[in-house]
Amino acid sequence: MKNQRIMPGIILIGFGIYFYLQQSNIAPFQEFYTWPTLMIIVGTAFLGQGYWGKDYEAILPGVILVGFGVHFHVVNRLEIWPDHMGTFTLIIALGFLLRYQKAGTGLFHGILFLVLAGLLLFYDRIAGYLGLLENGMAAAWKFWPAALVLIGIYLLFIKKK
């Protein structure tokens with residue numbers, strides 16, 4: 001039985017604490033009076049709904065919202081944190097994999113996004129490792145987006161047997 005009161009309860013508590021701290025103007029929390037904090041609160045509500053309410057489909061949006069919120073908070077504070085499209089893809093992959101852990105669906109999507117995130121995050125290193133094949137790889141590397149489109153078309157329109 002899915003408990004539908006968890007998500008609104010967490011959102012109301014989170015927003016109440018957020019706005020109370022904002023009105024109190026407490027100095028250590030000044031950095032957190034931003035929209036990424038609101039994303040984290042809503043994402044936490046989705047995760048609460050997903051895990052406590054056994055509504056496992058809510059895990060994916062929860063991980064995405066919390067992950068993106070944390071990313072936007074941390075990206076300008078830590079030099080080692082990547083500010084790259086691959087980071088977003090990795091967060092989405094983690095969402096699919098965590099949902100698969102509970103719901104049993106989305107493993108293919110999670111692995112696909114994980115591979116794509118690895119390619120995006122480590123593009124420079126991969127290109128460096130393949131430096132010996134530079135001319136051939138440079139030409140092939142220009143067409144990898146087209147390969148993604150073709151694979152997507154195949155998945156959409158070619159029926160399984």
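Values quoted throughout were computed directly from the atomic coordinates according to the rules given, and no laboratory measurement underlies them. Here the structure is a predicted model, which is why all the values come from computation and not from measurement. Neighbour counts are summed over all protein chains in view; Cβ atoms, including those assigned to glycine, are modelled from backbone coordinates with ideal geometry.
Here the contact order of the chain, divided by its residue count and restricted to Cα pairs under 8 Å and six or more residues apart, works out to 16 percent. Does region 34-122 come out rounded, prolate or oblate, given a ≥ b ≥ c as the square roots of the eigenvalues of its C-alpha gyration tensor, rounded meaning a/c under 1.5 and, failing that, prolate meaning a/b above b/c? Oblate, since a/c reaches 1.5 and b/c is not below a/b.
Relative to the longest principal axis of the Cα atoms of the chain, helix 35-51 runs at roughly 90 degrees. Identify which of the listed values of mean projected area of the Cα convex hull in nm² was calculated from the structure shown: [x] 13.4; [y] 8.9; [z] 14.9. Derived directly from the coordinates: [x]. Between 63, 76, 28, the Cα set farthest toward the positive side of the dipole of region 1-97 (charges on each charged residue's Cβ, about the Cα centre) is that of 63.
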